[in-house]
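The values are calculated or read from the model by the stated rules, or taken from the named source; none is laboratory data. Note that the coordinates shown come from a computational prediction; the quantities given were computed from them, not determined experimentally. Cβ sites come from the backbone with ideal geometry, for glycine too, and all protein chains shown count toward neighbours. Note: accessible area is taken over every heavy atom of the protein model, side chains too, but ligands, DNA and RNA are not part of it. Shrake-Rupley method; radii C 1.70, N 1.55, O 1.52, S 1.80 Å.
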Amino acid sequence: MNTHTHAHAPVHALHTDVLIVGAGPTGLALAIDLARRGIDAVVVERAASLFPGSRGKGLQPRTLEVLDDLGVHDAVRAAGASYPVGVIWQDGVRTGEHRMFDAAVPAEGAPYAEPWMVPQWRTQEILAARLAELGGEIAFGRELAGIEQDPEGVTATFVSGPPVRARYAVAADGGRSTVRRALGIGMTGETVDPSPMLVADVRIEGLDRDHMHVFPPTEGGGYLAIWPLAATEEFQVVAGFPEGTEPDLSLDGIRKVIGARSHLAPGDVTQVRWASDFRPRAAMADRFRDGRVFLAGDSAHVHSPAGGQGLNTSVQDAYNLGWKLAAVLSGEARASLLDTYEEERLPVAAEMLGLSTRIHRGEARRGEATRQLGIGYRASALAVETRDGLAEEALQAGDRAPDGVRGGLRLFDEFRGTHWTLLTVGAGSDVPGLPDPSAFPGLAEVRTVRIPSYEAYGDGVFLIRPDGYVGWAGTTAEGLASYAAGIAG
């Protein structure tokens, strides 16, 4: 595949602003974010339909905040449930309990404290429905054959159907990304566990749906865990096998595993909806961008499923990239804004990758870090903190902006949408010379919000980015206009 020719797009090519390759959670979240900003995007998917399995089933609190902003939170809540307490079984007898995640301490600044379990296929259905609501669609059966780019754009060709010409392209096509390979971007990583895992969605009779069921390894076999998938009739089965084994993914094969490792009879398994042979690995792309093409989601980083970080990190890649692409494509921001995507997301992906691996190996717990509320971008070029003497734990530019209700306003309600928010807190609400939002030509839309004192912020002036992070912070507004001018196109 040629990735750097300067050929012009074929006359019969379909033209768009952004080509998104892959209709998984990453591609769909990005398409939604672009659609609500009025950016034309084409989503192509090699498969004939959306992914049918439950694989990435845990939505972390920060991802729930993102989904709230994208307009699908209510649907996601209705389609899932909290993680149930696990029951540990031995020879058909309950011998203990197991909790998947450490308990979270509720906090005003974080409305969603606990992970929410929704099978991945259902999350994707919800995202696809939201995209359709916004006028977008998915082109299925579109397998990428080649991708070329020149100074003005990207041309993609397909095994069947017309080429697509776009100003930018995003690879959201998974761990075996065709786009990444075409670009020649390497993946650096390791096998987290050489032992294969069977992951399947099945129907089982005679097993309660109020608990997760854990069957520790016996002399004759590996571990087995079974989760009820809320709002469905299925369970997710996860079973480990010795290195070198090829798990049997058929109904008969899965019946044998469950019959051998639990008190259930093989015949209690009545149906297999989806099954996968999975090898846990941890790998990250050497870079997240090549010219006008960006890598997001599993195409950029592949996680062990143990930490519940893969899908969540991927959706947040899309959330970070969407507003930046829209700002550049609309002419409001200079193209250099796109440099901050890799700058911000690559270190986060590396951190989450390490966390997933440590959890898989039993070296870390599923605690506060897995909720992803503490992820921030303090080192980013977009984070400008003008106040002196702040404690490390104090809210600073680059941090996630907390929720809260003050002066009759809920902050997340004020932040929700495609705009920036100029938030003044306490004494900051009376600072002289606070500029009118129209003074920021580089920012698509700025809304002004004033609240009385709120300890989560401290007094001051805060410019909140469209993705809910503090871009600029100060005691007064001095320097704020020049920050906005630095983004302007």
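Being open to solvent by 40 Å² or more (accessible area, probe 1.4 Å), over 29 Å from V66 (Cβ atoms) and at pLDDT below 95: is that true of E114 here?
Numbers: open to solvent by 40 Å² or more (accessible area, probe 1.4 Å): yes; over 29 Å from V66 (Cβ atoms): no; at pLDDT below 95: yes.
No, not satisfied.
From the set of residues in the range 127-143 that are crowded, with 19+ Cβ neighbours inside 10 Å and under 23 Å from the mean Cα position of the chain (by Cα), which is nearest to S177 (Cα to Cα)? Let's see the steps before the verdict.
Within the range 127-143, the subset crowded, with 19+ Cβ neighbours inside 10 Å is 127-128, 130-131, 136, 138, 142.
Of the ones still in play, those that are also under 23 Å from the mean Cα position of the chain (by Cα) are 127-128, 130-131, 136, 138.
Numbers: L127: 21, A128: 21, R130: 25, L131: 23, G136: 23, I138: 18 Å.
Looking at residues that are crowded, with 19+ Cβ neighbours inside 10 Å and under 23 Å from the mean Cα position of the chain (by Cα), I get I138.
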Return the residues of the range 231-250 that are within 28 Å of G80 (Cα to Cα) and open to solvent by 20 Å² or more (accessible area, probe 1.4 Å); say none if nothing qualifies. A231, T232, E233, L249, S250
Identity of the residue in the range 366-386, at pLDDT 90 or above, open to solvent by less than 50 Å² (accessible area, probe 1.4 Å) and out of contact with any helix residue (DSSP H, G or I) (no Cβ under 8 Å at 6 or more places or on another chain), that ends up farthest from A484 (Cα to Cα): G376
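Residue under question is G310, and the condition is that it be more than 22 Å from G221 (Cα to Cα), modelled with pLDDT of 95 or more and either out of contact with any strand residue (DSSP E or B) (no Cβ under 7 Å at 6 or more places or on another chain) or surrounded by fewer than 21 Cβ atoms within 10 Å (Cβ to Cβ) (or both); does it hold? Can you show your working first?
Numbers: more than 22 Å from G221 (Cα to Cα): yes; modelled with pLDDT of 95 or more: no; either out of contact with any strand residue (DSSP E or B) (no Cβ under 7 Å at 6 or more places or on another chain) or surrounded by fewer than 21 Cβ atoms within 10 Å (Cβ to Cβ) (or both): yes.
Answer is no for this residue.
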Within the range 452-475, can one find any residue that is closer than 25 Å to D69 by Cα, β-branched (V, I, T) and not in a strand (DSSP E or B)? no
Name the residues in the range 317-365 that are of a type in the set (S, T, Y), buried (at least 23 other Cβ atoms within 10 Å of the Cβ) and at pLDDT 95 or above, would you? Y319
The one condition in (1) outside any strand (DSSP E or B); (2) in contact with an Asp or Glu (Cβ under 8 Å, 6 or more places away or on another chain); (3) not charged (D, E, K, R) that A182 fails to fulfil: (2)
Could you check the range 251-266 and list, in sequence order, the residues that are open to solvent by less than 50 Å² (accessible area, probe 1.4 Å) and either of a type in the set (G, A, S) or in contact with a Lys or Arg (Cβ under 8 Å, 6 or more places away or on another chain) (or both)? G253, G259, S262, A265
Please return the ranges of strands (runs of 3 or more DSSP E) entirely within the range 211-306 where 2 or more residues are under 30 Å from E148 (Cα atoms) and in contact with a strand residue (DSSP E or B) (Cβ under 7 Å, 6 or more places away or on another chain). 281-285, 293-295
Residues in the range 144-169 that are open to solvent by less than 20 Å² (accessible area, probe 1.4 Å), among the small types (G, A, S) and farther than 21 Å from L28 by Cα total 2
Quick one: how many residues across the range 29-68 are in contact with a Gly (Cβ under 8 Å, 6 or more places away or on another chain), over 28 Å from V164 (Cβ atoms) and at pLDDT 95 or above? 1
Members of the range 82-91 found to be within 20 Å of Q120 (Cα to Cα) and open to solvent by 30 Å² or more (accessible area, probe 1.4 Å), listed by number: S82, Y83
Hits in the range 465-486 - residues which are open to solvent by less than 10 Å² (accessible area, probe 1.4 Å) and in contact with a helix residue (DSSP H, G or I) (Cβ under 6 Å, 6 or more places away or on another chain): P466, D467, W472
Within the range 92-109, identify whether any single residue is part of a strand (DSSP E or B), surrounded by fewer than 22 Cβ atoms within 10 Å (Cβ to Cβ), β-branched (V, I, T) and at pLDDT below 95, and answer yes or no. yes
